[in-house]
């Protein structure tokens, strides 16, 4: 490279940096104006026309959006570029670039949206959505059409269904602005209007489990009957369908741990004798029911039942649980072929679709327009040992139980993978029956490139200020000298179980309450389970308080791994007074209550709540359940 070439390159880089900086400033100014316009109003009262005018003005500054900054080509004919996104998702702005012919099928956004043109013509067709003759099949009738280009915009309500297509023979770039829908009056107004309110955690998965038992009559056994079988030495095996960490915490005596998606995969090794009674249990109801019905659907020769009300029933009957057990179902070897055949039959009956590498690549190409989740459904240990690059870990049983925790976007695309041909098929067969997502199966090549280690976590920053880290050993030294204040922002439940001695607890949004208990000049150290949340909270507290605020490196997990002391905050203890914000931040399991009578009362309440979900679903009618009855051939 000559000096002249180098000078030109540096000049080009400087110009590009200048444009990027100017664009970032213009985007920030637009977001601020849109925020002021939208306020806290509901979607139907948000003045979208005024926001559209602001977006048209931003898009009109075409020099801020040069084609070189938003490239597309034949290999990548469409691309989405994030320009801004609030940490809480309230507002998000994207640049959608594409070659002529780029198109998206009918879809809605479940949020309001505004689209403005920078260059090119994006044809938007809006449809009326009607109820079809078959459940779950709606009809679409075109209502209006608008060609979005430089100088105009289209506004969309959360329920609007539209298609887009880049027409006119020229590449295009359009700005897509989204805002979360706010329900005016919140849940109280929703309830007052006569709509259903749900409480608890993982409601869709738990409700689905109750529907399964209600509709398919999944057989069950009581704790007392199981205890009698065990005392008589009958041919019975108890299989716990929860993750290993939950199993270690507590388990039915003699049970083997075999998380939900592993059941069909390992049952041939667990119960090779077809005369063995197989009892599937969990901590409550859902995973027992789903696990038992999974084995029944797979057609294993054994009699299979769920343990009615799980370990809760065992305790309520007055029996003792085991703790710290490590009994895990064995790896399948000779029985794996039969397991694969059963899983394939289950998936076929459910209508699960398989895709190849080319079809997966096409879905990945469209991920900017339609949310795509790629889940490895094997065990966390197998995932860490080697997984497809960019794929997330979602053990199959937990994915069915807690779909809402893994896939936050409604009606998304979900692709599942494993290398054994069993667990992904079983998981997919359940997901297509209730989740409302598009579910696909992908079988990786045996020698497909893999990456190892835990799943990377993307953290959205809420503050430009960086809080310095402090090592656990340095914190102990400062605590010995005095003058340092520790505040835990993880969860009040975890704090009551074990926390750094002397620490206060506050929820992240109320962490400033600790300032009243901190010395005027001493450092404040924020901690959380692994330190990630602590860093974000510490940075914001440092910015607003102008104090010396730091984050504990590795958080509570590293503190405990180093063998450093902890204390609990049980009711009546001195440490209980260190909880500044009550217990409204976390859902307390019935098992978490210290008082035995309170614990039993909460268990009964929980079981009644879960059973009552079937009636709630009938009143609400919003869970798209499509059960497959495998008894009917």
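Annotation: of all residues in region 557-579 being touching a strand residue (DSSP E or B) at 6+ places or on another chain (Cβ under 7 Å) and either assigned by TED's automatic domain parsing to the domain that holds residue 311 or at pLDDT below 90 (or both), the one that is farthest from residue 199 (Cα to Cα) is 575. With respect to being surrounded by 14 or more Cβ atoms within 10 Å (Cβ to Cβ) and in contact with a strand residue (DSSP E or B) (Cβ under 6 Å, 6 or more places away or on another chain), residue 363 fits the description. Going by the structure shown, is residue 214 out of contact with any helix residue (DSSP H, G or I) (no Cβ under 8 Å at 6 or more places or on another chain) and surrounded by 15 or more Cβ atoms within 10 Å (Cβ to Cβ)? No: the conditions fail for residue 214.
Check whether at least one residue in region 589-606 is at pLDDT 90 or above, closer than 21 Å to residue 403 by Cα and not assigned by TED's automatic domain parsing to the domain that holds residue 518, and report yes or no. Yes, region 589-606 has at least one match.
Would you mind finding the one in 200, 186, 260, 194 that is modelled with pLDDT under 95, within 30 Å of the chain's Cα centre (by Cα) and surrounded by 14 or more Cβ atoms within 10 Å (Cβ to Cβ)?
Working: 200 fails: surrounded by 14 or more Cβ atoms within 10 Å (Cβ to Cβ); 186 fails: surrounded by 14 or more Cβ atoms within 10 Å (Cβ to Cβ); 194 fails: surrounded by 14 or more Cβ atoms within 10 Å (Cβ to Cβ).
The unique qualifying residue is 260.
At least 3 residues being farther than 30 Å from residue 298 by Cα and in the same structural domain as residue 578 (by TED's automatic domain parsing) is the threshold, and among the helices (runs of 4 or more DSSP H) wholly inside region 405-518 those reaching it are 472-481, 492-497. Restricting attention to region 49-85, the residues being surrounded by 15 or more Cβ atoms within 10 Å (Cβ to Cβ), in contact (Cβ under 8 Å) with a residue 40 or more places away in the chain, in contact with a helix residue (DSSP H, G or I) (Cβ under 9 Å, 6 or more places away or on another chain) and in a helix (DSSP H, G or I) number 5. May I ask you to verify whether residue 427 is touching a residue at least 24 places away in the same chain (Cβ under 8 Å), within 19 Å of the chain's Cα centre (by Cα), buried (at least 16 other Cβ atoms within 10 Å of the Cβ) and within 17 Å of residue 295 (Cβ to Cβ)? Taking the combined requirement at face value, the residue satisfies it. Test residue 538 against the stated conditions and say whether it is over 18 Å from residue 585 (Cα atoms) and without any contact (Cβ under 8 Å) to a residue 24 or more places away in the chain. So residue 538 does not fit the description; no.
The values are calculated or read from the model by the stated rules, or taken from the named source; none is laboratory data. This one's a predicted model, so the numbers in the text were calculated from it and none came from an experiment. Virtual Cβ from ideal backbone geometry, glycine too; neighbours counted across all protein chains shown.
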